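Enquirer: The structure's right below; bear with me while I get my questions together.
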Amino acid sequence: MNNIASLNARFKGWPREKSPFSLGRWGIIVNVLALIYGGLMIINFLWFGGLRSVYTNPALNLVFTSWANIPVLSTIGNIPIFEFSLIVLFGVGAIYWFGFKRRQVITSGERSAEALAD
């Protein structure tokens, strides 16, 4: 998600100020390569094939065996670890954005790329 935001900012002319370290004209290329790599890694993690899906992305209840006795946690325990991590990541990010950051960006009147770069 950071690569998408930084690529969008680069297309809008970011960074505007000179800094001690800069990728210069390579910045957009590095961002695009990072997006491609990240997308391929997500496909790799979600690849379902034979025993590989069991050993590389097990369900939570295989790791936390005591969850099977609790009804709500046993349902959550059927979710694979990678997908559960994504749900938690996007959930916390959405709470942060809609609960705190969005209001700050709107009230500050700054351009979105500069306001989000803090």
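Enquirer: Just checking, how many residues over segment 1-31 are within 16 Å of the chain's Cα centre (by Cα) and of a type in the set (A, V, I, L, M)?
Expert: Result for segment 1-31: 4.
Residues checked against (1) under 21 Å from the mean Cα position of the chain (by Cα); (2) assigned to a helix (DSSP H, G or I); (3) at pLDDT 75 or above:
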position: F45; (1), (2), (3): yes, yes, no
position: N61; (1), (2), (3): no, yes, yes
position: L89; (1), (2), (3): yes, yes, yes
position: Y96; (1), (2), (3): yes, yes, yes
position: K101; (1), (2), (3): yes, yes, yes
position: E110; (1), (2), (3): no, no, no
position: E114; (1), (2), (3): yes, yes, no
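Enquirer: Looking at segment 1-15, which of its residues are without any contact (Cβ under 8 Å) to a residue 24 or more places away in the chain and either assigned to a helix (DSSP H, G or I) or surrounded by 10 or more Cβ atoms within 10 Å (Cβ to Cβ) (or both)?
Expert: Passing the criteria: N2, R10, F11, P15.
Enquirer: Filter segment 55-86 for residues that are among the aliphatic types (A, V, I, L, M) and either within 17 Å of M41 (Cα to Cα) or touching a Pro at 6+ places or on another chain (Cβ under 6 Å) (or both) and give the result.
Expert: Passing the criteria: A59, I81, L86.
Enquirer: While we're here: Is it the case, given these coordinates, that P20 is surrounded by 13 or more Cβ atoms within 10 Å (Cβ to Cβ) and outside any helix (DSSP H, G or I)?
Expert: Answer is no for this residue.
Enquirer: Hey, among the residues in segment 23-43 that are at pLDDT 90 or above and touching a helix residue (DSSP H, G or I) at 6+ places or on another chain (Cβ under 8 Å), which one's nearest to F11 (Cα to Cα)?
Expert: Top of the filtered list is I28.
The values are calculated or read from the model by the stated rules, or taken from the named source; none is laboratory data. Just so it is clear, the structure is predicted and the values come from calculations on it, not from any experiment. Virtual Cβ from ideal backbone geometry, glycine too; neighbours counted across all protein chains shown.
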